[in-house]
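The values are calculated or read from the model by the stated rules, or taken from the named source; none is laboratory data. Just so we're clear, the structure is a prediction, and the values are computed from it rather than from any experiment. With ideal geometry, Cβ positions are generated from the backbone for all residues, glycine too; neighbour counts draw on all protein chains shown. For accessibility, only protein heavy atoms count, side chains too; no ligands or nucleic acids. Shrake-Rupley method; radii C 1.70, N 1.55, O 1.52, S 1.80 Å.
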Amino acid sequence: MEKFEKFRKEFPRFFYHGYEKDEDASTLTVTYHFEIEGLSSFAPRWIFPKSADFPELTKENATLETMLFSLGMVELVSYWKITCSPEVIVEAGALNAEQIAWWKNLYFNGQGEFFYTNQIETTVDNFMNIRAIGGKPQGRPVRADWAEGCMIPIGGGKDSAVTLELLKKTGEKRRCYIINPRGATTNTTLVGGFSEEEVIIARRTLDKNMLELNKQGYLNGHTPFSALVAFSATIAAYLQGLRYIALSNESSANESTVLGSTVNHQYSKSFQFEKDFHTYEEKWIGSGTYYFSLLRPLSEFQIARYFARCKAYHPIFRSCNVGSKTDIWCGHCPKCLFVYLILSPFLSGKELEEIFGRNMLEDPDMIPTMEQLIGICEEKPFECVGSRSEINTAITLAIEKMEAAGEPLPALFTYYKTTELYAKYRELGDTYSGYEDRENLLPENFLKLVEQECIG
């Protein structure tokens, strides 16, 4: 809080000056220009592939300009958070009062973890004032009413693999979308049967000045990355003539990370953000694309059950943030343990060890992490993990499976049986196989598919 107040006084103004485009026959490069007055300027960059089928789509197109401007509005928060300047001056484009309120809501809730972990006390009314003084984009509005097919953002974990497999059954044209490819994302598309031409790759480059200021002790922390996925995927789908953007966010993403609060590590994966984005895009952008999450009706439990049958992905999927740069499961972090636990009712101990490289359930040092995941501690880990209830359900069912087979329980499950949670969830049984979250934006044909394949 002391740094927050100090930096806000020293650097009261943040600028979104604008962006510039550069393009050739196959790519569109967008460079954004931000500045913390008196400290540093920043020029992050995005590169999008262009489709040869729509050569004129980037010319004098007010809809595309609005999308590019809006992506900059998401990107800016990664640089604003360095000093949390109280005034944000937007010179790059126009915003009305309703739009400004929308952006402030995204920044405030999307950075709930940032404020919480940095012990910053503020409110949505006073953490930032936005003044938009730019003009409206020039050109004609172009709505992609010709668009068809699905674009699937790929993160490299089990969820996007499930979306790929489900959408195989629709007969829809499918393309994958990856931001800055790595081993797991590329391998997921290969296992899914996609050619190089069927994978849309966007490249995002962070400004080195931000990384240097982070090293110097300026404010740092979580920003709503999935909001970047939403706005950038809309641009990518639009440029490729794709109608649907099918995310892989599940119902469990709605649960707060800190009990009794609205702090949610996964806010920009929540249904609240999905609804808000859908409304904003329809009202203020109007691209003709349709953003939704195919897995929204489901719990992580149901997704894990389906994924357990997708054997081809088991050697290559990765969700571990600690091991993301080297494309491994570290086998010691909360995300690794969560995936291990949620898959444990559906895979054998041998299969799990082959995936993770060790038996995490025999490591007593993981007990404190398990206590966070199951709700003994008020805070879940600040990771993309399932709800407390479904993790408890998965553990209880895995114990039942092992005991029925006469297998000795590993250390973590032996400990779990001593907690009050074991008796509670053993009595409740499997409450998730037939679960369905009715709050979703799935078109009817996609909803029927998910209900048929994953529910019950």
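Data for the structure
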quantity: Residues that are free of Cβ contacts under 8 Å to residues at least 40 places away in the same chain, in contact with a strand residue (DSSP E or B) (Cβ under 7 Å, 6 or more places away or on another chain) and surrounded by fewer than 23 Cβ atoms within 10 Å (Cβ to Cβ), drawn from segment 155-175; calculated: Arg174
quantity: Out of Thr431, Thr419, sole residue that is among the polar types (S, T, N, Q) and modelled with pLDDT of 95 or more; calculated: Thr419
quantity: Some residue of segment 37-52 being modelled with pLDDT under 95, among the charged types (D, E, K, R) and farther than 30 Å from Arg175 by Cα; calculated: no
quantity: Within segment 70-89, tally of residues that are closer than 16 Å to Gly134 by Cβ and either of a type outside the set (A, V, I, L, M) or open to solvent by 10 Å² or more (accessible area, probe 1.4 Å) (or both); calculated: 4
quantity: Residues of segment 218-262 that turn out to be modelled with pLDDT of 90 or more, of a type in the set (S, T, N, Q), open to solvent by less than 10 Å² (accessible area, probe 1.4 Å) and under 17 Å from Cys384 (Cα atoms), as a count; calculated: 0
quantity: Inter-residue pairs, beta-carbon under 8 Å, first farther than 17 Å from Ser389 by Cβ and in segment 294-307, second in a loop (DSSP other than H, G, I, E, B) and polar (S, T, N, Q), 6+ apart; calculated: Leu294/Ser248; Leu295/Ser248; Leu295/Asn249; Arg296/Asn249; Arg296/Asn440
quantity: Strands (runs of 3 or more DSSP E) enclosed by segment 109-183 - at least 1 residues per element that are of a type in the set (Ser, Thr, Tyr) and over 30 Å from Glu87 (Cα atoms); calculated: 174-179
quantity: Pairs with Cβ under 8 Å, 6+ apart, first in segment 365-378 and within 16 Å of Glu390 (Cβ to Cβ), second surrounded by 13 or more Cβ atoms within 10 Å (Cβ to Cβ) and aromatic (Phe, Trp, Tyr); calculated: Met370/Tyr415; Met370/Tyr416; Leu373/Phe338; Ile374/Tyr416
quantity: Any pair with Cβ under 8 angstrom, 6 or more apart, that starts in segment 217-230 at a residue that is on the phi < 0 side of the Ramachandran plot and ends at one that is β-branched (Val, Ile, Thr) and in a loop (DSSP other than H, G, I, E, B); calculated: Tyr218/Ile82; Tyr218/Thr83; Leu219/Ile82; Leu219/Thr83; Asn220/Ile82
quantity: Among the candidates Leu412, Leu428, residue that is under 30 Å from the mean Cα position of the chain (by Cα), touching a residue at least 12 places away in the same chain (Cβ under 8 Å) and over 28 Å from Lys168 (Cα atoms); calculated: Leu412
quantity: Only listed residue being touching a residue at least 60 places away in the same chain (Cβ under 8 Å) and surrounded by fewer than 22 Cβ atoms within 10 Å (Cβ to Cβ), chosen from Tyr280, Tyr291; calculated: Tyr280
quantity: Of all residues making up segment 195-217, the number that are open to solvent by 90 Å² or more (accessible area, probe 1.4 Å) and over 19 Å from the mean Cα position of the chain (by Cα); calculated: 5
quantity: The one condition in (1) without any contact (Cβ under 8 Å) to a residue 40 or more places away in the chain; (2) open to solvent by 40 Å² or more (accessible area, probe 1.4 Å) that Thr396 fails to fulfil; calculated: (2)
quantity: Qualifying residues in segment 384-393 (those that are modelled with pLDDT under 90 and open to solvent by 10 Å² or more (accessible area, probe 1.4 Å)) - the one nearest to Val339 (Cα to Cα); calculated: Cys384
quantity: In segment 415-425, residue surrounded by the fewest Cβ atoms within 10 Å (Cβ to Cβ) [restricted to those that are free of Cβ contacts under 8 Å to residues at least 40 places away in the same chain and not in a loop (DSSP other than H, G, I, E, B)]; calculated: Glu420
quantity: Residue list for segment 435-456, restricted to those being open to solvent by 70 Å² or more (accessible area, probe 1.4 Å), of a type in the set (Asp, Glu) and outside any loop (DSSP other than H, G, I, E, B); calculated: Glu444
quantity: Tally of residues being among the basic types (Lys, Arg) and within 16 Å of Glu274 (Cβ to Cβ) across segment 284-323; calculated: 1
quantity: Of residues in segment 328-383 being open to solvent by less than 50 Å² (accessible area, probe 1.4 Å), assigned to a loop (DSSP other than H, G, I, E, B) and farther than 23 Å from Gly156 by Cα, the one modelled with the highest pLDDT; calculated: Asp363
quantity: Failed item, numbered, when Arg296 is tested on (1) closer than 25 Å to Leu442 by Cβ; (2) surrounded by fewer than 23 Cβ atoms within 10 Å (Cβ to Cβ); calculated: (2)
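Residue-wise test of (1) open to solvent by less than 50 Å² (accessible area, probe 1.4 Å); (2) touching a Pro at 6+ places or on another chain (Cβ under 9 Å); (3) at negative phi.
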position: Ile36; (1), (2), (3): yes, no, yes
position: Lys50; (1), (2), (3): yes, no, yes
position: Glu56; (1), (2), (3): no, no, yes
position: Glu65; (1), (2), (3): yes, yes, yes
position: Leu68; (1), (2), (3): yes, yes, yes
position: Glu91; (1), (2), (3): no, no, yes
position: Phe115; (1), (2), (3): yes, no, yes
position: Ile130; (1), (2), (3): yes, no, yes
